[in-house]
């Protein structure tokens, strides 16, 4: 197995209870795993389950460890490595504030249109753009805004899901 | 249970949370709780007072309560239970919890907490116990409602015992334990799904293991604490498997006793202070079958040089241990006892001829790497290895059921090398965390569990002072524990590393201002003895074993003795230091090795 550093997008279905997120975050910090992005929200209110999407990186052996360590947490119902289990869609949303006037302002609006960013707030001297897309698209947009008065960025982190009809169901053997 | 509960409005008994807690403990088969009272757990202590089903052992420090519970668990196969108060009670327990986590010991720790309304207010004796113990436990709970007490306590025992065992903490706010609480039938009111880790390994993995076993010319079983955790049947199975295959067996520190350490097929412990034959067999084998062991760094040495030519099979119930440190060829995820059973039924006795392998092993064994020379002149200085050998021989002659605990350091390694165990669950030591001060409270736990057995803490003078207050517990319950101190007036293992790796600069490792251990024993209502010369050793051991009460034996041993063999930090198994003559070789330790612990 290679020692090359790979990026993995891992979905975790976890019981929505106090401290559950702390267990996941604590695991990453205690064992020195990278967190590039981590998002969490309740997805199945009736079953009390939250879904955590974590983007991490490491050698294949480390990625395997991360999955096994996550699966070992008692409140975790299932762990799926989206990068390894076929095509998937990963998206994030960003709010980007640009403060500018004149040509820069016009140029900013033109680029926003090309990226299909929505203007969600505007004043005479500023815009807030809402942009959804793959993380690379958000990166590219932010880079283009930089010389045009980029003032502040707020990003949600990645949410991801498998393409096609398959879903990831609770796996009993995941302990 | 007597006298608990209050009559309710319609004549039925209404229990409070503390009473429900104790009833569930009884239902779980709990007979003994190790603990220390305090404000937040007063209602639980009040409920304990009103019943007779559970015996409470009052320790002198909460860390000791956990170590005692660990030894109780390790020596009986049943979970150990701890009861501590909020704040400092819980934080003092943390070292014990991490110790149990590292060595996979099932412990349920009940901690008091300030009332729910005060949580987060920096109340008196408040600590964020679930936050602090989250990485110190297999799982933990904060009970927020009285109706959750019964289901959470039941679940906690499942989590502690099933799969890879470990410590579980339940934090109980004071208002929750004083409120009326329901006691649903077992299985009712469950808050989470059933915790049921996979116990049966994959059939294909069993088949591939058997195929590898048939082809192996230089096979080796490398067994660990998991075999002991799996229960006595697993140890029986291992013996049968070794007998039928003829394969040699080596063990980790935690696994000693699962296979008889006096058996010819046993090569001794492997790893940093393991035997020459065990380490060279690990290095030279063509099939390594790890059974309930986890490739700890004390076992592997330099990972890149670990068992470089072997096909590797790893049986473990915890999938996160597989491929964590060493990449293996076959993973047998499941209970190691059941895995051994299935290997046994699949093995048809058709292996390779192992004559040459055994001849090689016997040639290594002939080096007698644990050997030492004791000057037997009566006034000669006692070598620590000799003291342990004589202790072992004396206990053998006595023939009593014997449990041995240790502290951490040189004496622990010498005990592992020179004391022998033919049964599992008799050897109680802190392996993963390496907790100095483990041994004396562990002896308390073992003696409480086995009141008629001989329980000996083989100790160092520095380690044992870390929990010496437990002599008070021993006195209170009249426990006939034997504290056998190998007193070299140094933190011996620290001194050894300073000698070998830091130019003999003995920075802070001398045990200055030691107490007089004989008078210390007497101060705690026990008997003290001392041996300073070889001629005194046997009579001290004999009198210690004959005495039906606490004995502290201060065995004054050679101060400069080093623990060999030794694999220096960062070296592979085939670069062992065999003895003092090889000390010059320690200069070979690489810069990388110097940075390792």
Note on chain B: contact order normalised by length, alpha-carbon pairs under 8 Å, 6 or more apart, percent, works out to 13 percent
At q = 0.05, 0.11, 0.12 1/Å the base-10 log of I(q)/I(0) from the Debye formula over the alpha-carbon atoms of the protein assembly as shown is -0.31, -1.26, -1.41
Computed over chain A, the relative contact order (Cα-Cα under 8 Å, seq sep at least six) in percent reads 27 percent
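What fraction, in whole percent, of alpha-carbon pairs in segment A:6-86 exceed 20 Å separation?
Within segment A:6-86, distances greater than 20 Å cover 23 percent of Cα pairs.
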Mean projected area (nm²) from the convex hull of Cα positions in segment B:372-462 is 6.6 nm²
Dimensionless Rg/Rh of segment B:203-365, both radii on Cα and Rh by Kirkwood, sits at 0.91
Using alpha carbon positions and the Kirkwood radius, the Rg to Rh ratio of segment A:89-159 is 0.95
D (µm²/s, integer) via Stokes-Einstein for chain B, Kirkwood Rh across alpha-carbon pairs, 37 °C, 0.692 mPa s: value 131 µm²/s
For chain B, longest principal axis from Cα atoms; helix B:336-346 axis from its Cα atoms; angle between them, nearest 10 degrees, is 50 degrees
Distance in Å, no decimals, from the C-alpha centre of segment B:212-287 to the one of segment B:327-385 is 5 Å
Averaged over all viewing directions, the convex hull of the alpha carbons in segment B:109-249 casts a projected area in nm² of 11.9 nm²
With T = 4 °C, eta = 1.567 mPa s and Kirkwood Rh from C-alpha pairs, the Stokes-Einstein D of segment B:192-271 in µm²/s is about 93 µm²/s
So the angle from the long Cα axis of helix B:62-76 to the longest Cα principal axis of chain B, reported in degrees to the nearest 10, equals 70 degrees
With label points set 7 Å from each Cα along the Cα-to-Cβ direction at residue B:345 and residue B:591, the distance between them in nm comes to 5.7 nm
Restricting to Cα pairs under 8 Å and 6 or more apart, the percent relative contact order of segment A:89-159 works out to 52 percent
Under a Gaussian network model of chain A whose springs join Cα atoms within less than 10 Å, the largest fluctuation of A:112, A:160, A:30 belongs to A:30
Partner shielding of B:331-342, as the mean number of partner chain Cβ atoms within 10 Å, equals 0
From the Cα centre of segment B:23-69 to that of segment B:126-199, the distance in Å is 16 Å
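Based solely on its DSSP helices, what 222 nm [θ] is calculated for chain A when runs of n ≥ 4 H residues each add -39,500 (n - 2.57) and the sum is averaged over all residues, nearest 500 deg cm²/dmol?
-8500 deg cm²/dmol
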Rounded to the nearest 500, the 222 nm mean residue ellipticity computed for chain B from DSSP H runs (n ≥ 4, each -39500 (n - 2.57)) alone is -10500 deg cm²/dmol
P(r) over all Cα-Cα pairs of segment B:6-178, 5 Å bins from 0 to the longest distance, whole percent per bin, short to long, reads 2, 10, 20, 24, 22, 14, 6, 3, 1, 0
Ranked by GNM mean-square fluctuation in chain A (Cα springs under 10 Å), the top entry among A:84, A:124, A:104 is A:124
Two pseudo-spin positions, 7 Å from Cα along C-beta at residue A:106 and at residue A:152, lie apart in nanometres by 2.8 nm
In degrees, nearest 10, the alpha-carbon axis of helix B:232-245 is tilted away from the dominant principal axis of the alpha carbons of chain B by 20 degrees
One finds the C-alpha centres of segment B:455-498 and segment A:1-79 to be spaced, in Å, by 43 Å
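Values quoted throughout were computed directly from the atomic coordinates according to the rules given, and no laboratory measurement underlies them. Every value quoted in this text rests on a predicted model; they were computed, and no experiment measured them. Because the Cβ atoms are built from the backbone with ideal geometry, glycine has one as well, and the counts that use them run over all protein chains shown.
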